[in-house]
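The values are calculated or read from the model by the stated rules, or taken from the named source; none is laboratory data. Here the structure is a predicted model, which is why all the values come from computation and not from measurement. Cβ: placed from backbone, ideal geometry, glycine included. Neighbour counts: every protein chain shown. Note: accessible area is taken over every heavy atom of the protein model, side chains too, but ligands, DNA and RNA are not part of it. Shrake-Rupley method; radii C 1.70, N 1.55, O 1.52, S 1.80 Å.
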Amino acid sequence: MASSLVFPSAPRNQISRRIPRVASSLASNASTSSKEVVVVGGGIAGLAVSLALHRLGVSSLVLEQGSTLRTGGTSLTLFKNGWRVLDSLGAGDELRQNFLPVKGMIMKSNDGRELRAFSFDEEAPGQEVRAVERRVLLETLANKLPPSTISYSSKVKSVNAQGKEGTMLELEDGRKILANIVIGCDGVNSPIAKWMGFPEAKFVGHCAFRGMAHYPDGQPFESKVNYIYGRGLRAGFVPVSPSKIYWFICFNSNSPGPKNTDPSLLKKEALDLVRDFPSDLQDIIRNTQEDIIIKTPLVDRWLWPGLTPSAYRNGVVLVGDAWHPMTPNLGQGACCALEDSVVLATKLSGSIGKGQDAVNQALREYANDRWPRVFPLTVRANLVGSLVQWDNPLVCALRNGVLIPKIVRLGPFLEHTNFECDLLEPVGSS
């Protein structure tokens, strides 16, 4: 495990939208500054942990390598545990106004035959499911932070441990920040995780297309998640709002494959994959602008006890995908990152100003609390993905004829969405 590491620079394609309330907080000229808490990464995990700390009276600096928020991507599905955290952060009701509640789930074979239909109210009472635009979620979290919390165009170049003095972060523009606490929220390919000795996330044998269709005059679909199963191929869609539909295609692949960034080719490839699937799915894809279709390999990292490094090291800690990337088969990647944020902030807030031993004890408690939660979910998401991606015709017949219609029960399947956390009342509120 290295005490210092220099990261190569690499270009990054992104779709972004500026948030005018949040400005760069550091001067662009080379300088050295000291900060109590530095969050590396301005995605969902980074903004959520910064907001959680803020509501507990702890200020932080968020380093975002992009020139604006990274609002690329399409949509993500949040279950009741994610909404519980958003309520804790004071953002839940504002977001609910923008997105439709999902009422249930329909499972079909690729020939359009309905295999099973579920109602959340009847089979999983108390469940809350909504598909949320990533852009809107990030903007909502960012706009609740104090001005100058986020420093844009701030890419970490190197990390150097400074003993009891903290951790030195050197940025690509020459600035240096000495931080007592560094929170790595820098995603699946996290440089902070690499510095801490974590292996790269592993490709699981599947790739995914994702997109968002836009219907200016209103989308015609019932507010339910639709899953469609083929052989080594599955797809789905869910209404996001009265005018938008999120969709995905997941297919087996021997390798991540070459990166294709041509929007027209991506759309054609997606349509070719589902040419034998129901026509409504194909129509949804055709109603999607080419420049918001993305294709990604699916990866995860299994946190084997005794083999994988700890989530923390001398004032440095990982959150979300930087620590436990998981496949999207349970819809828990973003939800777990949100859970991480409130657990870490709650434990960390009481240690600020009490010395490095107190900080490390708080980080240890966070890691011990979260590992039994995220490791089983990572494994389960992987196994579920493997099961539903079967390509053997006999096994697919068993899945469609027995497993889905006769065995699957929605309530027990969604027990992992049970999560409780206290509301984080803003400091000074009555």
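Structure values in brief
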| item | result |
| --- | --- |
| Cα→Cβ-extended label distance, 7 Å offset, between Arg380 and Ser158, nm | 4.4 |
| Heavy-atom surface of segment 300-351, accessible at 1.4 Å and reported per residue (Å²) | 26 |
| Gyration tensor verdict on segment 59-162 (Cα atoms; rounded if a/c is under 1.5, prolate if a/b is larger than b/c, oblate otherwise) | prolate |
| Alpha carbon centroid spacing (whole Å) that separates segment 231-293 from segment 104-148 | 18 |
| Mean ellipticity per residue at 222 nm, deg cm²/dmol - from DSSP H runs of n ≥ 4 across the chain, formula -39500 (n - 2.57) | -8500 deg cm²/dmol |
| In degrees, nearest ten, helix 356-388 long axis to first principal axis of the chain (Cα) | 20 |
| P(r), alpha carbons of the chain - 10 Å bins starting at zero, rounded % | 4, 21, 32, 26, 13, 4, 0 |
| Extension reserve of the Asn254-Arg286 stretch, reckoned as 0.36 nm per residue once the Cα distance is removed | 8.8 nm |
| Förster radius 35 Å - calculated FRET efficiency between Asp173 and Asn368, Cβ distance, rounded to 0.05 | 0.40 |
| Nearest-20 debye value, the chain charge dipole, Cβ charges on Lys, Arg, Asp, Glu | 540 |
| FRET efficiency for Trp302 and Asn418, using Cβ-Cβ distance with R0 set to 25 Å, rounded to 0.05 | 0.65 |
| Of Gly46, Leu69, Asn81, farthest towards positive along the dipole that unit charges on Lys, Arg, Asp, Glu beta carbons give segment 35-97 | Asn81 |
| Segment 221-302, Cα convex hull volume normalised per residue, Å³ | 127 |
| Angle in degrees between helix 134-143 and the longest Cα principal axis of the chain, rounded to the nearest 10 | 30 |
| Of all accessible heavy-atom area on the chain, the percent that carbon and sulfur account for (1.4 Å) | 51 |
| Segment 171-197 residues near the modelled Glu165 label - backbone nitrogen below 14 Å, point 7 Å along Cα→Cβ | 176-180 |
| Approximate spin-label separation His214-Ser34, in nm, with each point projected 7 Å along Cα-to-Cβ | 4.9 |
| Length added when fully stretched, Asp111-Ser279, from 0.36 nm per residue minus Cα-Cα | 59.5 nm |
| Exposure ranking of Asp173, Asp186 by accessible area [1.4 Å probe, largest first] | Asp173, Asp186 |
| Net +/- balance of residues flanking Gly315 in space, Cβ distance below 11 Å, scoring K and R +1, D and E -1 | -1 |
| Label point distance in nm, Asn189-Asp262, each placed 7 Å from Cα along Cα→Cβ | 2.2 |
| Mean accessible surface per residue for segment 194-256, computed with a 1.4 Å probe while every protein chain stays in place, in Å² | 40 |
| DSSP beta bridge pairing in the chain, given as percent antiparallel to the nearest 5 | 70 |
